[in-house]
Amino acid sequence: MTGRQTAAPVAPALTAAPLGARRWEPDGPAGPDGPYDPAAALARATGELLSRQSPDGWWKGDLETNVTMDAEDLLLRQFLGIREPEQTAASAAWIRSQQREDGTWSTFYGGPPELSTTVEAYVALKLAGDDPQAPHMAAAARYVRDGGGIAASRVFTRIWLALFGWWPWERLPEMPPEIIFLPRWLPLNIYAFGCWARQTIVPLTVVSAHRPVRPAPFDLTELHTDPADPYPLRPLPPMTGWDGVFERLDLVLHAYHKHALRPLRRVALAQAGRWIVERQEADGCWGGIQPPAVYSLIALHLLGYDLEHPVMRAGLTAFDRFTVHTEDGRRWMEACQSPVWDTCLATIALRDAGLPADHPALVTAADWMLAEEIRRPGDWSVRRPRLAPGGWAFEFENDNYPDIDDTAEVVLALKRVAHPDPARIDAAVRRGVEWNLGMQSRNGAWGAFDVDNTSTLPNKLPFCDFGEVVDPPSADVTAHVVEMLAETGLADDRRTRRGIDWLLRNQEADGSWFGRWGTNYIYGTGSVLPALVAAGVPTAHPAVRRAVDWLADRQNADGGWGEDMRSYEDPARWSGRGDSTASQTAWALMALLAAGEGPDGAGSEVVERGVQWLCRTQLPGGSWDEPQFTGTGFPWDFSINYHLYRLVFPVTALGRYLHGSPLAGGRS
């Protein structure tokens, strides 16, 4: 497997094959003054998508989140003593560029100010030498004080501050390393948490046990509401709910920290350290995501691993591959990388665009995806010890955590390629299908990484205020699996029907579906409708018609669709509402086309207006401008802008508009 070293993939030396008699470069300009020609728009977009393929066969767009990634990168380097002036200046320039006019920072484009993000950004800029009296710094500090000060920030923010003595460890929730010993039948063992949370929590138990403090280069008095009482006590909630129970349990754990059995603590720390090291990936990262990586490096350093140790050196080097350098000298960090996801989506899109199934770009992509198959057990096997491996992960390197969503989409992509070794494709598809079937939860649906990871208790821990920490089944993942099962001839399988029944039961009252991994009801609905129809649900089914009516009602006046991240917090106001975006317009069109709404169906006017919006807003180069965040890490708490979404989904939608929906097993 290969890792990514630069912000943009190298354009391959591939020539696009013609789509029938159509040329790749159409006559006439793109944009508002150009012709509304879907074929021309598709040709431009297809050429642009092909140009972004790596010579190795993969696609990968940048994955943009928020400035806490950049702030925490600087804080990590400060803690380890490796922060360099050039890196600091480039990161600070990026952080400043993302500051809102009111001096705050948000977690997504156009979003409201967010306290913890603003605290971390402020501290990073102060590390970079920004004057606290400067207008941009003073405005940020004023917002923090007005919002309750550091005391009102999230636990993770205060952990970073505790590393430098800016917050007392005694005033943070306790998470002892002895949790590693809890048997799997207990509610709060580490496997009760989602994979991303357990990878973060285990190293943080080591940090919590050591409670390290590095000398702070300055104070943060200006971020406290009352500098005379910077660490105010909060009243305990009543014992009538889990919050009150866990807050009192936290008091017990703090007492235990002072009187922990030292031999037991030493064994727990050693076992936690082994658990962390065993899950380091080949590229040096952990799970291919930022939070486990930074906390694992800190934890191992506290356990005695010096910076020259191969584990530490590989971990730090991995961050270089997560670094994006802009043309104007700024530097920002990806929280994760998405090559497998981007590659399977691009493969599907190009087939929908009419690229021949044996086109070299698709064969090369299939070869790369085949090489990325994970053939060994990972953490998922704790709950499924007898299930044979055969899935795909999201990232370049993440063999411990293949995911159900990527596996479903990779199988769909591989089925669409005419590979010179079809037996190899068939074998990988068979393994992927069997693995996904084996990961079905008891209720008939699918989560992203684990089976039946549905306990609500982990979310109630005082420690866990950073977003979703469990992995229950979701409509979008379940839909992708159902679509995959239908396309592989299993539409009538009992397990597929259970997934369909779950989807029908979980339709929202207004006709939409909730989107766990994309924003939000448009993503959920755009995932579910194609799956239901592929699995044989008639387009006249009441659930399909309700969804179609909902999408038609949510179409913007300009013809596009958009949904703001605030729909996770306030669905009554924001469900299916927001500025039109290319990716969300494409999701809506994919759903409507699957439901028989265009181009000659009863809803053709709605579809035509959406297609015209895509044609009208396309950039001359073939892609679309999309600063909005339409991807989801944790609903509301962690938002993502997948930079390839603005291209790959419009190609899919336009292709299906012009050529019809794909048939099982691909089409010529």
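Values quoted throughout were computed directly from the atomic coordinates according to the rules given, and no laboratory measurement underlies them. None of the values given here were measured: they were computed from a predicted structure. For neighbour counting, all protein chains shown are included, and Cβ atoms are generated from backbone atoms with ideal geometry for every residue, glycine included.
What the table below lists for this structure:
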| item | result |
| --- | --- |
| Gyration tensor (alpha-carbon) shape descriptor, the chain, a/c threshold 1.5 | prolate |
| Estimated distance in nm for a label pair at D131 and E170, the labels positioned 7 Å out from Cα along Cα-to-Cβ | 3.8 |
| Separation between Cα centres of the range 156-192 and the range 461-535, rounded to whole Å | 32 |
| At most 14 other Cβ within 10 Å, DSSP loop - chymotrypsin sites (Phe, Trp or Tyr not before Pro), the range 96-130 | none |
| Per-pair calculated FRET efficiency, R0 = 51 Å: A314 and R234 via Cβ, rounded to 0.05 | 0.80 |
| Footprinting exposure proxy for Y143, Y521 (fewest neighbouring C-beta atoms within 10 Å first) | Y143, Y521 |
| Using alpha-carbon coordinates, inclination of helix 360-371 to the longest axis of the chain, degrees | 40 |
| Rough spin-label spacing in nm, given labels placed 7 Å along Cα→Cβ, for H325 and A89 | 1.4 |
| V213 versus V245: modelled label distance in nm, points set 7 Å from Cα along the beta carbon direction | 3.5 |
| Length added when fully stretched, D600-T539, from 0.36 nm per residue minus Cα-Cα | 20.5 nm |
| Built amide H within the under 5 Å cut-off of G518, gap 5+ | T632 |
| The chain: angle of helix 262-278 to the longest principal axis, Cα-based, in degrees nearest 10 | 30 |
| Cross-link partners of K460 among lysines (Cα-Cα below 25 Å; sequence separation of 8 or more within a chain) | K258 |
| For a label point 7 Å along the Cα-to-beta-carbon line of R384, residues of the range 170-194 with backbone N under 18 Å | 191-194 |
| Helix 135-146 axis, angle to the chain major axis (alpha carbon atoms, nearest 10°) | 80 |
